[in-house]
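The values are calculated or read from the model by the stated rules, or taken from the named source; none is laboratory data. Just so it is clear, the structure is predicted and the values come from calculations on it, not from any experiment. Heads up, the Cβs are rebuilt from the backbone with ideal geometry, glycines too, and the neighbour counts pull from every protein chain shown. Surface areas here come from the heavy atoms of the whole protein model, side chains and all, with no ligands, DNA or RNA. Shrake-Rupley method; radii C 1.70, N 1.55, O 1.52, S 1.80 Å.
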Amino acid sequence: MFTATQRTQPILLSTLLISVASVDHQKHTLRALLDTGSQVSFITKQCADRLSLTRRRCTSKISVFSGTPVNVVSGMTTITMPPVNQSELSIPLDVLIVPKITDVTPQETIQATSWPHINQLDLADPTFQTSGQVDILLGADVAPAIFTGDRIAGHRHHPTAFGTVFGWVLMGPAAAMTPKSVTSMLVTSESTLEQSLSKFWELEEPPHIHHLSPDEIHAERIFTCSVKRLASGRFSIALSMKHPRPILGDSRSMAQTQFRYLERRLSQNEELSQQYKEFMRDYLVSQHKEVVPTNQKMTPYCYYIPHHCIMHPESKTTKLRVVFDASAVTTTGQSLNTNLYTGRKLQQDLPRILIRARVHKVLFTADIKQMYRQIKIHSEDRDYLRILWRFEPDEPITEYRLCTVTYGRRLRIKHCEPYNT
């Protein structure tokens with residue numbers, strides 16, 4: 001075993017807190033990094049989704065330090081950024097949407113007790129010394145409008161303060177850190193042939209412990225907390241939303257365009273039209289969908305699912321399948337699927353089923369008609385399951401919302417709902 005010691009001096013980058021409004025005009029405090037070496041400004045995709053910002057197409061490519069172009073831009077949006085706790089000043093800015101801007105800044109928490117020249121300053125980021133995520137990068141396109149020209153310097157090993165319209169930002173070297181020890185250890189072991197053979201057989205055994213991902217853990221927690229047994233004997237659950245009551249943007253226009261296309265297709269095939277109507281009528285008679293009340297139509301907390309059909313003429317039981325596409329994106333680039341946790345796979349492995357099937361002489365199989373539709377969705381989540389439909393072309397388009405589970409894996413995949421099973 002050996003130990004090596006290395007000395008590093010942290011460098012502070014200029015960070016500041018800004019206030020950005022979401023689509024529903026809620027203020028969100030974001031951490032921005034001021035970088036005059038960048039020609040454009042950026043925002044993370046996670047932050048843009050959280051604010052439900054309307055995005056535009058963008059074909060820009062970013063050239064990194066080596067000069068190699070990288071195509072990571074997924075769009076462009078516009079934000080206005082007044083300083084936190086201020087309303088007089090508001091700077092509009094076009095930003096490119098990227099998956100990630102940088103790692104946490106600073107990399108480690110810094111002790112700033114020995115910097116007397118900043119003690120009385122109104123800092124743009126009071127948490128500058130604490131490691132944190134960067135949501136926005138402000139480039140040279142906006143930096144001239146931010147700097148005021150003021151400057152306060154301390155010791156040469158201390159950061160310099162620069163005045164901005166958001167307050168003072170700090171940049172430069174910080175005090176030397178405590179020497180960090182890096183420890184390395186080499187261990188060798190020998191095993192007998194019997195032990196190696198035992199490990200080989202253990203590797204071939206199927207795992208007995210299911211390791212869940214963080215998303216699967218969240219999905220299980222939401223299911224456990226929300227599942228209810230109704231007086232009818234059925235179950236009721238909530239949608240496994242990643243964020244409570246998200247605003248997904250405008251989806252009705254997209255769903256209406258798809259519905260117009262569906263009507264034209266149905267008008268050219270009378271048999272197909274009758275089967276589709278029968279499916280929708282069965283949905284309504286079974287109370288698996290309901291009409292959206294007039295006083296609840298105008299709400300931002302909703303999502304319209306486009307639907308269409310696919311045909312299987314060779315099938316003896318299910319010739320028509322209606323597809324509810326919850327992966328269709330809205331004006332903000334989101335979909336219902338992207339805002340739901342998937343949850344772990346519940347189906348049994350096929351080899352286990354086949355092996356178990358050989359144990360008994362007699363084997364029975366069964367199918368539950370409309371199995372997922374026997375599970376109800378909590379009423380407060382049904383507005384995210386809206387669809388558009390009318391039985392005749394001369395009728396007005398009616399807004400419905402689905403009352404039951406429509407998809408096998410928590411609305412995560414594009415699913416085909418059978419007409420009759």
The listed residue being more than 26 Å from the chain's Cα centre (by Cα), modelled with pLDDT of 90 or more and not in a loop (DSSP other than H, G, I, E, B), out of 203, 266: 266
Residue list for segment 208-238, restricted to those being open to solvent by 100 Å² or more (accessible area, probe 1.4 Å) and either among the hydroxyl-bearing types (Ser, Thr, Tyr) or at pLDDT below 90 (or both): 208, 209, 210, 211
Some residue of segment 343-351 being modelled with pLDDT of 90 or more and surrounded by 11 or more Cβ atoms within 10 Å (Cβ to Cβ): no
Residues that are open to solvent by less than 40 Å² (accessible area, probe 1.4 Å) and under 16 Å from residue 401 (Cβ atoms), drawn from segment 256-284: 259, 280, 283
Number of positions in segment 131-156 that are assigned to a strand (DSSP E or B), open to solvent by 30 Å² or more (accessible area, probe 1.4 Å) and within 27 Å of residue 78 (Cα to Cα): 3
Those residues of segment 338-378 which are in contact with a strand residue (DSSP E or B) (Cβ under 9 Å, 6 or more places away or on another chain) and either of a type in the set (Ser, Thr, Tyr) or assigned to a helix (DSSP H, G or I) (or both), in sequence order: 339, 341, 372, 373, 374
The lone exception for residue 327 - which of (1) more than 19 Å from residue 241 (Cα to Cα); (2) in contact with a Lys or Arg (Cβ under 6 Å, 6 or more places away or on another chain) it fails: (1)
Identity of the residue in segment 111-125, of a type outside the set (S, T, N, Q) and open to solvent by less than 80 Å² (accessible area, probe 1.4 Å), that ends up modelled with the lowest pLDDT: 112
Qualifying residues in segment 352-367 (those that are surrounded by 10 or more Cβ atoms within 10 Å (Cβ to Cβ) and among the charged types (D, E, K, R)) - the one nearest to residue 406 (Cα to Cα): 352
Residue count for segment 19-35, restricted to those that are in contact (Cβ under 8 Å) with a residue 40 or more places away in the chain and out of contact with any strand residue (DSSP E or B) (no Cβ under 9 Å at 6 or more places or on another chain): 2
Among residues of segment 9-31, those that are open to solvent by 70 Å² or more (accessible area, probe 1.4 Å) and either within 21 Å of residue 170 (Cα to Cα) or hydroxyl-bearing (Ser, Thr, Tyr) (or both), counted: 4
Inter-residue pairs, beta-carbon under 8 Å, first farther than 16 Å from residue 310 by Cβ and in segment 260-272, second outside any helix (DSSP H, G or I) and open to solvent by less than 100 Å² (accessible area, probe 1.4 Å), 6+ apart: 263/393; 267/393
Residues of segment 368-381 satisfying the condition of being open to solvent by 100 Å² or more (accessible area, probe 1.4 Å) and not hydrophobic (A, V, I, L, M, F, W, C): 369, 380
Close pairs from segment 219-234: first touching a residue at least 12 places away in the same chain (Cβ under 8 Å) and within 17 Å of residue 372 (Cβ to Cβ), partner of a type outside the set (Lys, Arg) and part of a helix (DSSP H, G or I), Cβ under 8 Å, at least 6 apart: 234/374
Residue, farthest from residue 62 (Cα to Cα), within segment 12-31, restricted to residues that are small (Gly, Ala, Ser) and outside any strand (DSSP E or B): 22
